[in-house]
1. GNM, the chain, Cα, under 10 Å: largest mean-square fluctuation among 43, 61, 32?
2. Could you check how much of the accessible area of the chain is carbon and sulfur, as a whole percent, using a 1.4 Å probe?
3. Would you pull out the residues with amide H under 5 Å of residue 61's amide H, same chain only if 5 or more places away, H placed 1.01 Å from N?
4. For the range 8-20, just list the computed ³J(HN,Hα) in residue order, Karplus coefficients 6.51, -1.76 and 1.60, θ = phi - 60°, integers in Hz, with x standing in for Gly and Pro.
5. Please report, in debye to the nearest 20, how large the charge dipole of the chain is about its Cα centre when each Lys and Arg carries +1 at its beta carbon and each Asp and Glu carries -1 there.
6. For the chain, what is the accessible area per residue in Å², given a 1.4 Å probe and the full set of protein chains?
7. Beyond 14 Å, what share of the Cα-Cα pairs of the chain is found? Please give it as a whole percent.
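The values are calculated or read from the model by the stated rules, or taken from the named source; none is laboratory data. All of these numbers come straight from a predicted model, not from anything done at the bench. With ideal geometry, Cβ positions are generated from the backbone for all residues, glycine too; neighbour counts draw on all protein chains shown. Just the protein is used for accessible areas: all its heavy atoms, side chains included, with ligands, DNA and RNA removed. Shrake-Rupley method; radii C 1.70, N 1.55, O 1.52, S 1.80 Å.
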Amino acid sequence: MTLAGDLGHAIPTCGDWQQDCAAAHLTNIGNGVWRGEFSLPAGSWQYKLVINDAWSESYAGNHTANGNTTLNL
């Protein structure tokens with residue numbers, strides 16, 4: 001599972017909307033929960049979660065297929 005969005009440039013070695021950036025991979029901690037910690041600057045960001053480093057399957061934070069989620073910091 002990879003965090004991809006317009007916040008990608010804030011994650012070292014990643015670019016915006018880069019679906020296969022290893023630095024943005026999340027860790028499966030069980031029970032369907034994936035975790036990652038990233039330092040992001042304040043702002044409004046769009047993101048989605050990408051499965052298997054490919055755009056063929058992605059989800060918004062609310063589990064909606066192919067959607068985006070807005071994160072306001």
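1. Checking each option, the largest mean-square fluctuation is seen for 32.
2. On the way: 2160 of 4410 Å².
The computed percentage sits at 49.
3. Excluding prolines and chain starts, which carry no amide H, the hits are 69.
4. x, 5, 7, 9, x, 6, 9, x, 4, 6, 7, 6, 10
5. Details: 2 positive and 6 negative charges, 35 e Å.
For this selection, approximately 160 debye.
6. Values: 4410 Å² over 73 residues.
That works out to 60 Å² for each residue.
7. Details: 1477 of 2628 pairs.
Beyond 14 Å sits 56 percent of the P(r) for the chain.
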